[in-house]
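See below for the structure under consideration.
The numbers here are math on the coordinates, done by the rules we state, and not lab data. Small disclaimer: the values here were computed from a predicted structure and weren't measured. Here the Cβ positions follow ideal geometry from the backbone for every residue, glycine too, while neighbour counts run over all protein chains shown.
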Amino acid sequence: MEIELLEIRDFLAHHTPFGLLPSELLDTLPKFITIRYLRRGTGFPTPELQTPENTIIIVRSGVLELQDSQGNLDEKLGEGGIFPDLCSSNDNTAKPQIVRLGKVIEDTLLYLFSCKKFLELRHQIPEFNRYFSHAISEKLKQAIDNLHEACVMAVEVRELLKRPPVTITHTASIQEAAHLMTTHNVSSLMVLENEQLVGLLTDSDLRRRCLARGLSSQFPVQSIMSAAVETITAKTLLSTALMIMTRLHIHHLPVLEATKPIGMLTVSDIVTYQGANSAFLAVNIRKAATLDELVSSAKRLPELQMHLANSGASALHIGQIIAQITDSLTCRLLELAEQKFGAPPIPYVWVAAGSQARHEQTIVSDQDNAIILSDHLNGNHSDSSNSDYNLQSCSESYFIALSQFVNSGLNACGFPYCPGNTLAQNAKWRQPLRVWKQYFHDWIECLEPKALMLATIFFDLRPIYGGMELFNNLQQDVLAHSKRNSIFIAHIVGNALSHRPPLGFFRDFTLIHDGKHDDTLDLKHRGIVPITDLARIYALSTGISAVSTNERLYAAYQNGALSQEMADNLRDALELIASLRIRHQAQQIQKGSMADNYLPPAKLSTLERNHLKDAFKIIQTMQNVLADRYPLGRMVA
């Protein structure tokens, strides 16, 4: 091959999507390429480029600037950039509908490639075709599918159901129920009325509510059954089901399809399902009697995350699983603390903030938490004029001891103290409900940088343990207040705009050069945080109570604040970036290195780098939309 043609071939091979083509096809392409030179300031596309044959245009060097149909800047094309607009029709003889026009910003060299040959390649090579046949949202979905195609861990409950449910009517006698349980060798029955689940009868119910009380075995089952029954579906993740069991201290969960019982999940079923997944880790946590046992269980978390990532589980599921296990560790530590220090003198709720609260946690997470105390002391409302709330004599020492026990326990379990001291053991974040309401009121009204920083932490709160009504009371008050304050929302937008995705002038990555993480991308602060910021803005501006980023974006679409396309695009962008981050951490764990959030893009394939750029562009576009909607936000950014 002549040296000029070889140079063209090598250039194409190093740029997506031509790099997806087999080597033998790449070798044939240079002879189909023609070259054009355009001077700076020339309009684009020039008339000579709009030939009857039509062409796809590849930028060899230089810069093109393109506008959309409204005249807004749409894209800048640098080296390797592709302009397919002239070749948009499947019929290469049809005159294309040109939507994007522009100009040449620098002297530019172009490769022109005939549409006829281009369409032949698309028909021959499916991967090449997919690159051009889908919108950016479809490309992201395809990228996510590629990352997760080997997924085996998102284990659903249906995989553990080995037998149909054993049921009994609510009017049947206790004796009949006992006989049925013995015959089928089961420890529980689903109680039905008109084929609908109305209760659950277990071995424990027979002992405690019948035999221990001397109740006649001829009484109906409904007299001793548990009526308030938690249920799950066949699609529920096994890890989620076990977290429900842990939280409610139950051993049986009815499984429904619509409203019809299809099986029963028991702790015995889970134990039988031997395998390296979060379910068994949660069982050990639930049984732990000491801090040392909890620490021993928590040491398996890095291995678990690595296993999940290598199995292809989605970032969404991994985040949920790690957060749920952290919830279980926290709950067990609080239970141990109450055993150690006695019953709490006043009601309280332990709340998590940050990625744990959003169910988006990885093992590279510190702990962010707080305590909301009741305004009621010994059954009476506290004297609001007494600013120190009289905690010194009654409950302050108790909650100091409890919070220190739990924070130090989580630290020992691998979740280090928050560098900003956002911890329940910090007296500032261990306050009565009325003080918390005042905190949020001040943050919303004062609009200072520190207040905005605290807002990004404490507007993502989720109750973990204790009096949930305290949290609900606070959340309702906060959402009502923030929704009414458009100036506060504008400042939150401004704060969010400070977290820009790492895209340079020509959509190249802007890499870190700090001497410690050179030539890397901070996927957390430059990729994930911008999306969580956007979702939080929609939650606060529309009164959405959800905390999870995915749920916030979906809710924003449902209430009309966000289009379905953009909500889906942001969710896909989050999944792609988070998946790359988790895969990177899994590789570090496998090598025995400390896991972090700094990914060298050189380790990604050309296609993965392009998908990541697409994800960053979606974030950038949505940030610009919010900046236009809240001009004050752009001014304070």
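Would you mind listing how long the chain runs along its three principal axes, going by Cα atoms, in whole Å with the largest first?
Largest first, the chain extends 97, 65, 47 Å along its Cα principal axes.
Could you work out the per residue convex hull volume over the alpha carbons of the range 516-637, in cubic angstrom?
For the range 516-637, the hull spanned by Cα atoms encloses 123 Å³ per residue.
Just want the ordering: Phe459, Phe341, from fewest to most Cβ atoms lying within 10 Å of their own Cβ.
Listing Phe459, Phe341 from fewest to most nearby Cβ atoms yields Phe341, Phe459.
Could you list Ser548, Ser114, Ser69 in order of exposure, starting from the residue whose Cβ has the fewest other Cβ atoms within 10 Å?
If I rank by nearby Cβ atoms, fewest first, I get Ser69, Ser114, Ser548.
Please determine, in degrees from 0 to 90 and to the nearest 10, the orientation of helix 3-13 with respect to the longest principal axis defined by the Cα atoms of the chain, where the helix direction is its Cα long axis.
20
Below 8 Å between Cα atoms, with a sequence gap of 6+, how large is the relative contact order for the chain in percent?
Here the relative contact order equals 11 percent.
Can you pull out the trypsin sites (Lys or Arg not before Pro) in the range 145-254 that DSSP calls coil and that have at most 16 other Cβ atoms within 10 Å?
Lys162, Arg213, Lys235
Using only the Cα atoms of the range 445-492, what do you get for the radius of gyration and for Dmax, in Å?
According to the Cα coordinates of the range 445-492, Rg and Dmax are 12.1, 34 Å.
Report the calculated FRET efficiency for Thr606 and Ile244 (r = Cβ-Cβ distance, R0 = 51 Å), to the nearest 0.05.
Approximately 0.70, to the nearest 0.05.
By counting other Cβ atoms within 10 Å of each Cβ, how are Thr55, Thr542 ranked from fewest to most?
Fewest-to-most ranking of Thr55, Thr542: Thr542, Thr55.
Using θ = phi - 60° and the Karplus form 6.51 cos²θ - 1.76 cosθ + 1.60, what ³J(HN,Hα) does each residue of the range 483-490 get, whole Hz, x for Gly and Pro?
With coefficients 6.51, -1.76 and 1.60, one gets 4, 7, 10, 5, 5, 4, 4, 4 Hz.
For the Cα atoms of the chain, what angle does the longest principal axis make with the long axis of helix 396-412, in degrees from 0 to 90, nearest 10?
Around 50 degrees separate the two axes.
What list of ³J(HN,Hα) couplings, whole Hz, do you get for the range 534-543 from phi and the Karplus terms 6.51, -1.76, 1.60, once you set θ to phi - 60° and write x for glycine and proline?
Here the 3J(HN,Hα) series is 4, 5, 5, 4, 5, 5, 6, 7, 10, x Hz.
Give me the compactness ratio for the range 162-272, meaning the Cα radius of gyration over 2.2 N^0.38 Å.
Working it through for the range 162-272, the quotient is 1.03.
Please determine, in degrees from 0 to 90 and to the nearest 10, the orientation of helix 238-248 with respect to the longest principal axis defined by the Cα atoms of the chain, where the helix direction is its Cα long axis.
30
Within the set Lys116/Lys617; Lys31/Lys116; Lys287/Lys340; Lys450/Lys516, which residue pairs have Cα atoms separated by over 19 Å?
Lys116/Lys617; Lys450/Lys516
Cα to Cα, under 21 Å, and not fewer than 8 places away if on the same chain: which lysines meet these conditions relative to Lys260?
Lys162, Lys235
Which percentage, to the nearest 5, of the DSSP beta bridges contained in the range 162-272 is antiparallel?
Antiparallel bridges make up about 75 percent of those DSSP assigns within the range 162-272.
Excluding residues fewer than 8 places away in the same chain, name every one of the lysines whose C-alpha is closer than 17 Å to that of Lys483.
Lys437
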